[in-house]
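The values are calculated or read from the model by the stated rules, or taken from the named source; none is laboratory data. Predicted, not measured: the structure shown is a model, and the values here were computed from it. Here the Cβ positions follow ideal geometry from the backbone for every residue, glycine too, while neighbour counts run over all protein chains shown. All accessible areas refer to the heavy atoms of the entire protein, side chains included, with ligands and DNA or RNA removed. Shrake-Rupley method; radii C 1.70, N 1.55, O 1.52, S 1.80 Å.
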Amino acid sequence: MAPRTRRRAEALSRERIVEAAVELLDTTGEAGLTFRTLTERLATGAGAIYWHVANKGELLDAATDGVIAAALAVGSPGSPREEIRAVALGLFDAIERHPWLATQLALQLSRNPWGSVTARIFEGIGRQVRALGVPEGHLFTTTSALVSYIFGAAGQNAANNAGAAPGGDRAEFLDAVSTAWEELDPDEYPFTRAVAAEVRGHDDREQFLAGLDLVLAGIAAVHLPPAG
């Protein structure tokens, strides 16, 4: 590499490249993230980017890792249960803010479990699971259950928001769903009709945390000794 190109590559940090990639992903989605659009945003040449990142796959991995690292840093001092709730909510909010993230996380967890993203997630949640008092031999299963709930619920929420009433808002979408459920056949769908009113106006974050509390209560009932 020529000295001038090398200096340009060194001046452009990997962190800035990843930051720009996240910005593009947020505004244009994965299809809009190309090395051409990235060089235009950074006002640099492709060689300077390739000096830090080999290909788009590595760039997506780095963007996912950066967002997850920031989300996992939101925990505040407290009990293990409070820490788990803080980390879970940080991940929930990250997936809601970055529409592309849920898909990338699913790929990381299934295809690249030895990568830094999966390790960060399991370390961030697993430490608190161990601190709860879950015994050895049950740590992986318990942590996996929490991870599955967090990303399943957060991913579904992100998908709901993405597909909710184009041009409308979330409240209108929920009202339409609730109305449709209320009009179902009462003999065939008695339960769905009974909970239809709860759908209207519910808070997604509160619903997420309520579900998390149910999972944590189950962990306590199965693995932890009774209080007192």
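Provide a single number: the residues in the range 30-52 that are farther than 19 Å from residue 64 by Cα, open to solvent by less than 40 Å² (accessible area, probe 1.4 Å), without any contact (Cβ under 8 Å) to a residue 40 or more places away in the chain and in a helix (DSSP H, G or I).
Selection size over the range 30-52: 2.
Going by the structure shown, is residue 27 open to solvent by 20 Å² or more (accessible area, probe 1.4 Å), in a helix (DSSP H, G or I) and not charged (D, E, K, R)?
Details: open to solvent by 20 Å² or more (accessible area, probe 1.4 Å): yes; in a helix (DSSP H, G or I): yes; not charged (D, E, K, R): yes.
The answer is yes for residue 27.
Across the range 178-201, what is the number of residues that are surrounded by fewer than 16 Cβ atoms within 10 Å (Cβ to Cβ) and closer than 30 Å to residue 90 by Cα?
The total comes to 5.
I'd like the full set of residues that are modelled with pLDDT of 85 or more and either exposed (fewer than 14 other Cβ atoms within 10 Å of the Cβ) or of a type in the set (Ser, Thr, Tyr) (or both), limited to the range 150-171.
Matches in the range 150-171: 152 only.
Does the range 135-150 include one or more residues that are in contact (Cβ under 8 Å) with a residue 40 or more places away in the chain and over 26 Å from residue 105 (Cα atoms)? It would help to see each step written out before you state the result.
Step one: of the range 135-150, the residues in contact (Cβ under 8 Å) with a residue 40 or more places away in the chain are 135, 138, 142, 145-146, 149-150.
Narrowing the set further to residues that are over 26 Å from residue 105 (Cα atoms) leaves 135.
Yes, the range 135-150 contains a residue that is in contact (Cβ under 8 Å) with a residue 40 or more places away in the chain and over 26 Å from residue 105 (Cα atoms).
What are the pairs, 6+ residues apart or on separate chains, where a residue within the range 184-212 that is within 28 Å of residue 150 (Cβ to Cβ) has its Cβ under 9 Å from a residue that is open to solvent by less than 70 Å² (accessible area, probe 1.4 Å) and of a type in the set (Val, Ile, Thr)?
That search, which allows pairs on different chains as well, returns 196/177; 196/179; 199/177; 200/177; 200/179; 208/150; 212/84; 212/150.
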